[in-house]
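Note sheet for the following structure.
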Amino acid sequence: MSRLNPRDTAPDFTLTDDAGKAVSLADFQGQRVILYFYPAAMTPGCTTQACDFRDSLEPLVDAGYAVLGLSPDTPEKLRDFRQHDRLTFPLLSDPDKQVLEAYGAYGDKQLYGKTVQGVIRSTFVIDDDGKIEKAMYNVKATGHVAKLRKDLAV
C-alpha cells in the first residue's frame, strides 16, 4: 500500500453518493476539498467524526472547503446514516475499495492488538489544483475535526 504525500496529485474518482448520484473529484475542480475516509457508517467513532464535520461545516465552507465523507458502505446505508444524524455533506460509497486503496486508506491496521485488513481512518486536504495539501493517516475519530480546523486556521 502506498501512501500519498503533500504535492501528489489526488487520485480522481467517480463514486455514487448517498442519494444515488455520481460524484467525481473533478466536480470540485477549482475548490479546496476535505476528503475523509471512515470504516463504517452508524458506528460510534464514525458517527462522532461525521457529526463533528457536520457541526463544523459552515466555517469550513465559509473558508472555501467542500467536505466529502467516503466509506465502503452501500449508498442505502449511507442514506440512512445521513438521515439519522442529519449530515449535511455528501457521503460516497466505495464498496470495491478502489478509491480507498488509491489513497492508501485501506490495508493492514491494528484493531484490539491484532493486525487486520480494513479502512484506515484518514483525511486529505486537496487544493484547488487537485494536489494533496495534507495527508493524514490513522487519525482519531474524536477531536480530529477540531485539530484539522486549527491546522487550517478555520
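The values are calculated or read from the model by the stated rules, or taken from the named source; none is laboratory data. If you're wondering where the values come from, they're calculated on a predicted model, not measured in any experiment. We place every Cβ from the backbone using ideal geometry, glycine too, and count neighbours over all the protein chains shown.
Which residue is surrounded by the fewest Cβ atoms within 10 Å (Cβ to Cβ), if the candidates are limited to region 88-102 and must be closer than 19 Å to V125 by Cα and free of Cβ contacts under 8 Å to residues at least 60 places away in the same chain? The extreme case among them is T88.
Yes or no, residue by residue, for (1) in contact with a Lys or Arg (Cβ under 6 Å, 6 or more places away or on another chain); (2) touching a residue at least 60 places away in the same chain (Cβ under 8 Å); (3) crowded, with 17+ Cβ neighbours inside 10 Å; (4) not hydroxyl-bearing (S, T, Y):
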| position | (1), (2), (3), (4) |
| --- | --- |
| L70 | no, no, yes, yes |
| R86 | no, no, no, yes |
| G104 | yes, yes, yes, yes |
| K114 | no, no, no, yes |
| Q117 | no, no, no, yes |
| D151 | no, no, no, yes |
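The set of residues from region 18-54 being in a helix (DSSP H, G or I) and loosely packed, with under 12 Cβ neighbours inside 10 Å comprises A26, P44.
Pairing each residue of region 6-17 that is in a strand (DSSP E or B) and surrounded by 12 or more Cβ atoms within 10 Å (Cβ to Cβ) with any residue that is modelled with pLDDT under 95 and among the hydroxyl-bearing types (S, T, Y), provided the two are 6+ apart or on different chains, yields no C-beta distance under 8 Å.
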